[in-house]
Amino acid sequence: MLKTENIQTIVKEQYQYFLLGKTQTLKIRQQNLKQLKELIINHETEISEALDKDLGKSKFESYLAEIRIVKKEIDNALKNLRKWVKSRYVSTPIEQFPATAFIQPQPKGVVLIISPWNYPFSLAIMPLIGAIAAGNCAIIKPSELSPNTSKLIAKIINKNFEPNYIKVIEGGKEISQQLLQEKFAHIFFTGSPSIGKIVMEAAAKQLTPVTLELGGKSPCIVDKNINLEETAKRIVWGKFLNAGQSCVAPDYLLVNQSIKSQLLEAIKQVIKEFYGEEPAQSLDYGRIINEYHFQRLSALLSPGNIIIGGKLIPEENYISPTVIDNISPEFPIMEDEIFGPILPILNYDKLEEAITFINERPKPLAIYLFSNDQKQQKMVLETTTSGGICINDTVMQYGVLTLPFGGIEKSGIGSYHGQASFDTFSHYKSVLKRSFWLETNLRFPPYKGKLKWIKRLLG
Ligand code: NAD
């Protein structure tokens with residue numbers, strides 16, 4: 001384990017390097033982003049293998065959700081960086097004449113990125129792209145619970161970038177807490193709300209700004225006016241992707257009572273279609289990250305009626321795609337984010353009931369609504385609050401890099417992706433530039449006789 005002095009030295013040396021201005025020119029930012037993309041392309045197979053070892057992740061999911069998205073984020077940053085780094089000119093009031101005013105984005109300095117284990121590659125690298133694009137130095141602390149990916153990220157970054165510029169420091173919560181003792185210019189944390197509070201508390205001691213990308217229970221409302229087969233497919237895909245261990249997975253269903261039995265039947269068929277009769281043998285179905293989470297999830301299988309799945313293989317940390325009906329809001333499964341392949345079903349008669357149910361709980365990271373009825377869509381958009389909403393699909397909003405991604409209150413603070421990442425890691429400095437010519441002296445004392453002129457000229 002790294003000693004505290006070592007961590008202090010790394011942070012100090014990054015600040016010294018930052019002040020040399022080497023990370024800040026547009027050309028260097030672009031070069032570093034290109035180099036990062038090159039490195040990712042050259043390590044695609046290793047990344048996939050590490051994700052397979054850590055999470056039993058299929059090559060397909062690794063490519064789509066961990067590798068491709070990161071490459072797209074880099075492409076997007078490279079395409080737009082020239083525009084993003086420009087100062088934005090704003091108007092000035094008449095009494096300031098002659099003057100110009102502009103808002104200048106500036107890198108914040110040395111930033112800390114702490115990432116989780118569920119998408120262990122992309123959730124460490126996506127914020128790094130924003131940090132590089134905005135011209136910062138960065139320290140990354142990947143999750144210790146996905147050790148193969150953590151090691152690989154450390155290898156890729158530490159071998160190819162100067163430690164004074166970007167450094168990966170591996171380790172668990174002790175290392176994380178040591179890092180949090182240091183003064184950073186920004187802390188970007190992705191993880192659970194409970195650890196998010198610890199991070200924010202540590203940041204508050206130094207008044208460091210934070211972005212907290214957290215989780216929570218994202219509800220999925222299914223109303224009548226839908227294409228049932230497509231809906232079932234999109235729910236099953238979003239829920240059981242990565243064995244349910246996605247922050248934006250639909251956590252539970254709120255289904256219109258009148259279509260419930262048809263929807264459940266369709267979900268049953270789709271699970272079979274996607275993962276076969278025996279999902280444990282499917283190459284496309286993942287495993288639970290470790291025994292602790294396997295035990296935690298197993299305990300959620302009752303009470304309620306398991307209508308699909310419920311099969312466990314403890315030696316493999318395997319839980320089959322599971323659907324539980326007859327859920328009461330008081331059941332433990334409805335307390336915290338499930339973060340696993342278990343889908344509880346609740347039903348409603350009127351959409352307003354579903355909305356009230358959601359509004360009585362913490363604001364979610366995502367809300368999903370399946371309904372083709374414009375009035376219902378409008379009602380949900382206007383009467384609920386969440387990090388984001390996706391209508392007639394699940395999870396797909398995450399891949400739209402022009403949409404800022406983040407939560408609200410318990411599901412997170414701040415956002416990123418695309419320009420939102422650049423903004424997160426930039427300080428927008430307000431600049432007023434005045435000229436020496438034309439000075440009326442009206443604002444200077446003595447004020448005698450000047451008030452009437454001020455009122456007449458400026459109102
Ligand atoms: P976690 O909060 O347990 O850990 C996240 C990071 O914090 C890890 O790097 C870990 O080493 C570190 N950490 C753990 N304990 C700590 C402590 N006491 N002090 C300081 N640092 C500590 O989260 P996790 O289990 O890795 O990930 C799952 C959670 O992350 C879920 O709640 C999920 O919804 C959320 N998540 C959110 C997003 C998002 O983009 N909003 C994405 C993925 C996961």
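The values are calculated or read from the model by the stated rules, or taken from the named source; none is laboratory data. Note that the structure is a prediction, hence the values are computed from the model and not measured. In this analysis, Cβ positions are derived from the backbone assuming ideal geometry, glycine residues included, and neighbour counts consider all displayed protein chains. Just so you know, the surface numbers come from the protein's heavy atoms only, side chains and all, with ligands and any DNA or RNA stripped out. Shrake-Rupley method; radii C 1.70, N 1.55, O 1.52, S 1.80 Å.
Numbers for the structure displayed
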quantity	calculated
Separation of alpha-carbon centers, the range 348-371 and the range 417-458, rounded to whole Å	46
Residues whose placed amide H lies under 5 Å from that of Asn347, excluding near-sequence neighbours	Val255
Whole-Å distance, taken between Cα centres, linking the range 252-266 and the range 204-248	18
Listed residues Ile307, Pro279, Gly340: farthest to the positive end of the dipole of the chain (Cβ charges)	Gly340
log10 of Debye I(q)/I(0), alpha-carbon scatterers only, for the chain at 0.06, 0.10, 0.12 Å⁻¹	-0.32, -0.77, -1.03
Ranked packing of 327-339, 205-217, 92-104, most packed first, by mean Cβ within 10 Å	205-217, 327-339, 92-104
Simple Cβ-charge dipole of the chain, Lys/Arg +1 and Asp/Glu -1, about Cα centre, in debye nearest 20	3220
Sequence of Tyr398, Tyr428 when ordered by accessible area, the most exposed leading, probe 1.4 angstrom	Tyr428, Tyr398
Residue order for Glu44, Glu174 - accessible surface, 1.4 angstrom probe, largest first	Glu174, Glu44
With DNA, RNA and ligands ignored, accessible area of Arg68 (1.4 Å probe; Å², nearest 10)	100
From phi via Karplus (6.51, -1.76, 1.60), per-residue ³J(HN,Hα) for the range 163-180 in Hz, x at Gly/Pro	x, 6, 9, 9, 9, 9, 10, 7, x, x, 5, 5, 4, 4, 6, 5, 4, 5
Other-chain or far-sequence residues with amide H under 5 Å of Ile113's (modelled H)	Ile139, Ile140, Lys141, Phe188
Stretch gain in nm, segment Tyr89-Leu228, where the contour uses 0.36 nm per residue and the Cα spacing is subtracted	45.0 nm
Solvent exposure, largest accessible area first (probe 1.4 Å, DNA, RNA and ligands not counted), of Met396, Met126	Met396, Met126
Cα long-axis angle, helix 122-133 against the chain (0 to 90 degrees, to the nearest 10)	10
Debye intensity ratio I(q)/I(0), log10, the range 219-399, q values 0.11 Å⁻¹ (C-alpha model)	-0.43
Whole-Å semi-axes of the range 214-288's equivalent ellipsoid (Cα gyration tensor)	21, 17, 8
Vicinal HN-Hα couplings computed from phi for the range 91-108 (Karplus, 6.51 cos²θ - 1.76 cosθ + 1.60; Hz; Gly/Pro x)	6, 10, x, 4, 5, 8, 4, x, 7, 10, 9, 8, 10, 10, x, 10, x, 7
5 angstrom amide H check on Gly388, placed H, neighbours 5+ away	Ala366, Ile367
Under the Karplus curve 6.51 cos²θ - 1.76 cosθ + 1.60, θ = phi - 60°, whole-Hz ³J(HN,Hα) for the range 282-288, x wherever Gly or Pro sits	6, 6, 9, 10, x, 10, 6
For the chain: relative contact order, % (alpha-carbon pairs under 8 angstrom, 6 or more apart)	18
Acute angle (nearest 10 degrees) that the helix 44-55 long axis makes with the longest principal axis of the chain, alpha-carbon atoms	60
